[in-house]
Amino acid sequence: MTHNSTSNASPANQSTKAEAANPQWGGRFASGPAAIMEEINASIGFDQILWRQDIRGSLAHAAMLRKVGLLTEQEEAEIQQGLADIAKEIEEGRFAFSPALEDIHMNIESRLSERIGEAGKRLHTARSRNDQIATDFRLWVRDSIDGIVEQTEALMRTLARRALEYHDTPMPGFTHLQVAQPVTFGHHLLAYVEMLARDASRLRDARRRMNECPLGSAALAGTSFPIDRDMTAQALGFDRPTSNSLDAVSDRDFALEYLSVLSMEAMHLSRLSEEIVQWASAAFNFVHLSDAFTTGSSIMPQKRNPDAAELVRAKVGRITGDLIGLLTVMKGLPLAYAKDTQEDKEPVFDATTAITLSLAAMEGMIRDLKPNKERMRELAGAGFSTATDLADWLVRELRLPFRTAHHVTGRLVSLAEQKGCDLADLSLEEMQAVESGINESLYNVLTVESSLASRTSHGGTAPANVKAQATVWLERLAQPATEK
């Protein structure tokens with residue numbers, strides 16, 4: 001009778017084989033995973049991006065373990081040096097990431113044990129990969145928020161500078177993509193400053209809400225070791241430790257909120273991109289983009305395509321898809337940790353890459369574009385855009401009820417349409433045939449410039465308003481982050 005060699009192996013040999021399969025958890029398993037299991041289980045292909053946060057968390061954890069007596073000073077010093085050496089290996093591209101070790105935590109811990117021996121094996125005392133990844137991921141999202149807020153404010157500054165430059169440049173304001181009333185180009189650009197300011201505010205709010213430290217929650221129930229969670233939270237820049245270990249290891253609200261804010265910001269960038277695409281078309285001819293942000297056609301030599309704007313416009317679909325994907329992953333998960341949450345990182349990484357590229361491209365386009373002031377001025381007065389000014393004059397000067405003034409103005413617009421002329425081209429007699437009280441002073445309000453100058457209400461498009469508001473934004477954006 002033949003015998004399987006494994007069945008005759010000593011317990012020590014079996015242990016050695018299991019550890020060879022995976023030295024981090026091999027004691028529980030007698031053989032390594034199937035190839036397909038290893039492939040689906042490993043996250044190192046994407047979570048290696050967390051290596052800085054992982055090392056930072058390990059350094060804080062080691063310092064805490066030494067303080068409470070679970071590591072000696074010598075062991076902490078060895079861990080610190082070992083992690084510093086590993087960081088250098090990764091930065092220089094000399095670190096061999098292993099799918100067999102699954103994730104960034106086990107790759108770094110395994111390498112640490114190789115370098116420093118027993119001290120490296122002690123590092124995982126009083127923690128689990130569950131609280132480790134929750135901490136690393138929060139640190140990464142927090143760092144990303146800081147970078148995206150900085151980029152958002154850079155775009156806001158560029159928009160505000162261009163708004164100041166063109167605070168009195170007329171352009172048509174649209175509703176339903178129909179010419180509605182004259183506005184200034186500066187006023188239009190400042191509308192996006194307001195949107196982006198709300199995005200930056202939401203990012204800061206999300207950062208404040210997520211700034212609690214999961215480290216020390218262990219697998220799900222906390223730990224019996226006498227750890228100091230306040231110490232690690234403070235060392236990592238968190239406001240406090242999380243209050244419930246079950247929630248701490250399974251919560252991904254912070255990632256969902258982050259993706260939600262990115263989706264909204266991407267939507268705002270998409271709206272601005274759509275306008276740039278329209279403005280750059282021959283039909284509008286409002287702006288010109290240089291070769292730096294356009295491409296040509298392989299068959300039509302005259303083409304100048306606003307591809308950068310179109311690609312930014314498209315990113316909202318990708319980013320919103322990342323949000324919906326993670327919502328769907330999380331919607332049915334019971335407490336506490338489940339492997340499903342390994343799917344949380346790729347959408348967050350993807351959305352972050354997309355929004356940072358979009359912000360950089362948009363900031364470049366706004367700096368680059370050159371408005372066609374003559375064309376915008378021409379269309380600012382088209383489509384009877386000063387009709388509301390006429391109605392306002394009737395209310396203000398003749399004391400007509402607004403609804404009556406609206407009706408009179410509508411009749412005058414109809415008459416001008418029939419004659420194929422603008423409102424200002426109607427004779428006084430023609431106007432008085434519709435409303436006898438009209439006098440020559442009405443013509444003073446029917447120009448684009450007078451219409452713009454009259455919109456002095458708070459938030460209105462009057463050039464003086466726009467100049468003042470652009471200046472306010474530039475001063476606000478120049479303040480230190482702590483004062484915003």
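The values are calculated or read from the model by the stated rules, or taken from the named source; none is laboratory data. All values reported here derive from a predicted model rather than from experimental measurement. Note that we place each Cβ from the backbone using ideal geometry, even for glycine, and neighbour counts take in every protein chain shown. Accessible surface is based on the protein model in full, side chains and every heavy atom, while ligands, DNA and RNA are left aside. Shrake-Rupley method; radii C 1.70, N 1.55, O 1.52, S 1.80 Å.
Values as computed for the structure displayed
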| read-out | value |
| --- | --- |
| Inter-residue pairs, beta-carbon under 9 Å, first assigned by the TED database to the domain that holds Asp146 and open to solvent by 80 Å² or more (accessible area, probe 1.4 Å) and in region 237-248, second of a type in the set (Lys, Arg) and modelled with pLDDT of 95 or more, 6+ apart | Asp239/Arg208; Arg240/Arg229 |
| Ile227 part of a helix (DSSP H, G or I) and either surrounded by 21 or more Cβ atoms within 10 Å (Cβ to Cβ) or at pLDDT below 95 (or both) | no |
| Restricting region 33-83 to residues that are at pLDDT below 95 and of a type in the set (S, T, N, Q), the residue that is farthest from the chain's Cα centre (by Cα) | Asn41 |
| All positions within region 167-195 that are open to solvent by 20 Å² or more (accessible area, probe 1.4 Å) and of a type in the set (S, T, N, Q) | Thr175, Gln178, Gln181 |
| Qualifying position, being open to solvent by less than 40 Å² (accessible area, probe 1.4 Å) and either in contact (Cβ under 8 Å) with a residue 40 or more places away in the chain or under 20 Å from the mean Cα position of the chain (by Cα) (or both), among Asn285, Asn211 | Asn211 |
| Yes/no for Arg157 being free of Cβ contacts under 8 Å to residues at least 60 places away in the same chain and either open to solvent by 30 Å² or more (accessible area, probe 1.4 Å) or outside the structural domain of Met264 (by the TED database) (or both) | no |
| Helices (runs of 4 or more DSSP H) contained entirely in region 290-398, each with at least 2 residues that are more than 22 Å from Trp279 (Cα to Cα), assigned by the TED database to the domain that holds Asp247 and open to solvent by 50 Å² or more (accessible area, probe 1.4 Å) | 307-330, 345-368 |
| Pair list, Cβ under 9 Å, 6 or more apart: region 456-472 residue within 11 Å of Leu190 (Cα to Cα), other residue outside any helix (DSSP H, G or I) and of a type in the set (Asp, Glu) | Val466/Asp168; Lys467/Asp168 |
